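Below is one structure, written out as structure tokens; comments come after it.
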Amino acid sequence: MSPKTLTDGTRTGADQGPSAASAKKWWILAVVALAQLMVVLDATIVNIALPSAQADLGFSDGNRQWIVTAYALAFASLLLLGGRIADLFGRKTAFLIGVVGFAAVSALGGAATDFEMLVTARALQGAFGALLAPAALSLLNTTFTDAKERAKAFSVYGAIAGAGGAVGLLLGGILTDALDWRWTLYVNVAIAVVAFAGGWLLLSNHRDAQNSKLDVPGTVLVAAGLFSLVYGFSNAETHDWDSPQTWGFLIAGGALLAAFTWWQTRAAHPLLPLRILLDRNRAASFLAVLISGAGMFGVFLFLTYYLQLNLGFSPTRTGVAFLPMVGALMVAAQIGTTALVPRLGPKAVIPLGFAIAAVGMAWLTGIGVGSHYLSAVLPQLVITGIGLGLVMPPAMQMATGGVAAEDAGVASATVNAMQQVGGSIGTALLNTLAASAAADYLVGKNPANELVQAQATIESYTTAFLWSAGFFAAGAVIAFLLFRRGVPQQDADAAPVVHM
């Protein structure tokens with residue numbers, strides 16, 4: 001039997017046996033998953049460390065949010081560019097540059113001596129993350145071509161996508177308590193060393209869109225549009241919705257994205273080929289990812305406040321409290337992607353997951369000042385984790401599966417962008433609604449009374465949880481209406497794409 005080159009660059013036959021090639025696939029998954037986890041963790045790992053960083057560097061409460069927002073702005077606005085660079089110039093090259101760059105700017109942030117240095121490092125983290133994430137995800141496109149293997153690999157990535165934020169809270173708490181807030185950034189250097197070594201040894205520099213050119217006007221339009229959109233929603237947290245800094249950027253973002261869509265129909269080498277968006281199941285999946293990203297912040301953000309400020313949990317204990325949700329999500333991700341969707345199709349599974357998550361969040365509104373974690377939080381977290389495990393991995397698989405090989409990077413980047421924009425929208429809306437609920441409760445009451453103030457915070461949390469439940473309920477309806485009936489068939493001519 002003559003040697004044959006596999007799609008991941010390995011050799012069979014005389015050069016390498018099938019068992020060795022199969023083993024290499026799973027080592028590639030481990031390397032790419034590790035790098036992706038680094039990116040996902042950094043969306044939340046710094047959150048718990050913020051009070052310590054603020055005390056150390058002396059920046060104001062108003063500036064505190066920009067440590068988180070700077071990462072989100074750069075990451076969201078540059079994702080499509082990062083995905084296209086991976087397609088054009090090679091995914092191994094993009095992956096390795098992304099890993100090294102992410103580690104370098106993480107070290108810069110850990111060594112920060114003032115606010116400006118820290119916020120710059122966080123923005124650069126977002127930029128390198130926007131290169132690394134789509135390169136990592138699209139690398140799996142040429143690694144897992146068997147449907148069953150792809151489903152197993154996808155369940156791992158789906159679990160990372162849904163649970164990475166909670167793991168970030170846990171790791172951030174442990175590092176802050178045991179060492180120092182700076183280690184929430186330094187830890188990326190250790191992760192990056194392993195990811196770089198594995199990537200250098202295992203990956204091949206596959207280029208599917210090497211004959212295309214970079215769409216510069218499209219890149220400028222979509223980067224400016226996504227930046228304006230995320231910036232506008234971020235401003236809503238600190239300014240009123242009628243502030244020009246809020247609605248002005250939101251309108252500008254919408255106009256720029258509309259212009260980007262128009263340009264993609266005219267460009268010779270479009271940054272985001274509209275064929276990626278026109279499939280009905282794929283469009284429904286993009287919306288599902290957007291909605292799940294928005295609703296998840298009701299779990300992580302406000303429940304973190306409740307556990308620490310009301311129940312007195314330490315940062316480490318807060319992170320541990322989220323682990324049952326992580327476990328439930330991982331189990332549901334495995335069952336959903338490998339058993340349910342292949343048998344029932346997304347029209348049955350994804351709306352069911354949204355409905356279960358909605359029940360979990362609605363149940364969580366029963367918390368009170370004197371509630372206990374085991375009875376008022378734990379069961380609800382597990383239910384929500386099961387629901388999200390049935391939504392996010394299948395939706396991401398449907399959103400990126402079956403696209404042409406040359407579009408693998410930009411398809412993965414589009415899903416990342418949907419999740420990031422959804423999270424920004426959710427954060428802004430839920431923060432505003434929660435603050436309004438607390439203010440309404442205090443009307444006619446003595447705000448100096450500790451019990452009154454504590455109950456006002458409970459009102460703000462439960463309002464956020466109720467709206468998160470509403471997001472998930474709306475997601476159930478939208479997913480049921482939009483997804484096609486039946487089990488989706490893989491296009492034999494299209495390369496399968498795997499997302500986190």
Taking 25 Å as R0, compute the FRET efficiency from the Cβ-Cβ separation of residue 450 and residue 375 and round it to 0.05.
0.60
How big is the stretch 317-405 along each principal axis, measuring the range of its Cα positions in Å and listing the largest first?
54, 24, 19
Please state, to two decimals, what the Cα-based radius of gyration of the stretch 229-342 comes to when divided by 2.2 N^0.38 Å (N = residues).
1.50
So what is the accessible area of the stretch 353-448 per residue, in Å², with the probe set to 1.4 Å?
30 Å²
Quick one: accessible surface of residue 183, probe radius 1.4 Å, all protein chains present, in square angstrom to the nearest 10.
110 Å²
Starting from the Cα of residue 251, step 7 Å along the direction of its Cβ; do the same at residue 485; then give the gap between the two resulting points in nm.
4.5 nm
How about the stretch 339-445: which trypsin sites (Lys or Arg not before Pro) there lie in a loop by DSSP and see at most 15 other Cβ atoms within 10 Å?
445
Across every pair of different alpha-carbon atoms, what Kirkwood hydrodynamic radius in Å does the stretch 403-481 reach?
15.2 Å
Can you put 261, 246 in order of accessible area, largest first, using a 1.4 Å probe?
261, 246
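The values are calculated or read from the model by the stated rules, or taken from the named source; none is laboratory data. Since the model is a prediction, treat every value here as computed from it, not as a measurement. Glycine also receives a Cβ, built like all others from the backbone with ideal geometry; neighbour counts cover every protein chain displayed. Accessible surface areas use protein heavy atoms only, side chains included; no ligands, DNA or RNA. Shrake-Rupley method; radii C 1.70, N 1.55, O 1.52, S 1.80 Å.
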